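This is the structure, below, for whatever I ask next.
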Ligand SMILES: [Zn+2]
Ligand SMILES: [Zn+2]
């Protein structure tokens with residue numbers, strides 16, 4: 001089960017670390033201050049997901065790459081339009097004469113639209129962006145695939161959904177057959193939805209569909225991170241499409257209900273609006289994040305109370 005940890009303290013800008021258990025793989029969502037992010041964790045990050053490049057979400061990018069340089073690894077950075085130019089500008093603002101060209105490689109995936117992702121690479125010491133290709137999916141590795149929604153925050157703000165791979169369980173005790181390579185053949189037929197596939201067990205041929213009852217599919221855990229967004233029906237439509245029935249979602253809740261006129265002015269959300277849309281998405285667990293820095297702990301409690309009231313009751 002994917003695990004998320006908020007790495008920023010109250011009054012710090014937001015950064016969330018996502019860990020894949022038993023794999024050592026980490027992903028970061030947004031680069032706020034992240035006082036709680038350790039050097040070791042930063043070094044284990046294989047992909048960085050940026051919602052948008054307002055300074056409170058991007059200021060600590062340098063702090064993270066500071067720890068990644070020298071790893072020799074490839075790190076993927078996903079983000080909104082122009083993310084490649086902004087990363088390049090950040091990297092070029094330092095002197096790199098002592099750094100080897102294999103010290104690290106960044107691969108940047110610029111989200112132009114739901115179907116159009118531009119892929120670029122850049123290396124030390126010159127950090128010139130090189131366009132590689134356009135693809136129609138964002139991110140997939142051996143642990144997760146990542147879906148997204150492009151929300152409106154007076155600029156694109158990308159909300160990400162991390163989905164662990166589905167797994168298939170074989171119920172040996174119900175089978176009565178001897179184990180063999182037929183089990184993996186059956187699983188493949190099941191994954192490919194191929195009921196007519198022939199499966200041979202102990203010299204007898206079966207149709208795969210006759211054996212499907214020996215398998216069950218376990219849906220992969222779904223974890224969402226929705227950063228800054230306007231309270232707006234078009235945003236909500238996109239959230240419902242991507243985040244419905246997710247297991248856990250962190251959602252921007254910058255303002256208290258009392259301050260909702262500021263939310264409107266700044267294309268942000270407020271407590272009961274964020275709670276309500278999470279209820280509409282039927283997510284199992286929802287967590288409000290990213291509060292205005294002028295708020296105290298009691299303001300935060302007020303936000304949480306209004307958020308959970310709307311989440312549970314609306
Ligand atoms: Zn913002
Ligand atoms: Zn923000």
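Once both axes come from the Cα atoms, what is the angle between helix 271-280 and the longest principal axis of the chain, in degrees from 0 to 90, rounded to 10?
With both axes taken from Cα atoms, the answer is about 20 degrees.
Given an 8 Å cut-off on Cα distances and at least 6 residues of separation, report the relative contact order of the stretch 1-165 as a percent.
Reported relative contact order: 15 percent.
Next up: From the P(r) of the chain, could you give the percentage of C-alpha pairs in the tail past 24 Å? Write out the running numbers ahead of the final one.
On the way: 28786 of 49141 pairs.
Summing the P(r) tail past 24 Å for the chain gives 59 percent.
On to the next question. Rounded to the nearest 10 degrees, what's the angle between the helix 182-191 long axis and the longest principal axis of the chain, both from Cα atoms, 0 to 90?
50 degrees
Further, regarding this structure: Over the chain, calculate the relative contact order: mean separation of alpha carbon pairs under 8 Å at least 6 apart, over the residue count, as a percent.
Once normalised by length, the contact order is 12 percent.
What's the long-distance tail for the stretch 182-314, i.e. % of Cα pairs beyond 19 Å?
On the way: 5044 of 8778 pairs.
Within the stretch 182-314, distances greater than 19 Å cover 57 percent of Cα pairs.
The stretch 205-266 to the stretch 3-57: how many Å between their Cα centroids?
20 Å
Give or take rounding to whole Å, what are the principal axis extents of the alpha carbon atoms in the stretch 1-97, in descending order?
Principal-axis extents of the Cα atoms in the stretch 1-97, largest first: 37, 32, 24 Å.
Sticking with this one: Among the DSSP beta bridges whose two residues both lie in the chain, what percent are antiparallel, rounded to the nearest 5?
Taking every DSSP beta bridge within the chain, about 65 percent pair in antiparallel fashion.
Quick one: angle between helix 233-243 and the longest Cα principal axis of the chain, in degrees between 0 and 90, rounded to 10, please.
Here the helix axis deviates by roughly 40 degrees.
Over all directions, how big on average is the projection of the convex hull of the alpha-carbon atoms in the stretch 167-218, in square nanometres? Mind showing how you got there, number by number?
Numbers: hull surface 12.9 nm².
Over every viewing direction, the Cα hull of the stretch 167-218 projects on average to 3.2 nm².
What would the Debye formula give as log10 I(q)/I(0) at q = 0.08, 0.09, 0.13, 0.17 Å⁻¹ for the alpha-carbon point model of the stretch 1-165, no solvent?
With one equal scatterer per Cα and no solvent, log10 I(q)/I(0) is -0.21, -0.27, -0.59, -1.06.
Quick check: Cα centre of the stretch 281-304 to Cα centre of the stretch 163-193, how many Å?
Taking the Cα centre of the stretch 163-193 as reference, the centre of the stretch 281-304 is 43 Å away.
Taken together, the values in this text are just the output of simple stated rules run on the coordinates, not laboratory data. Predicted, not measured: the structure shown is a model, and the values here were computed from it.
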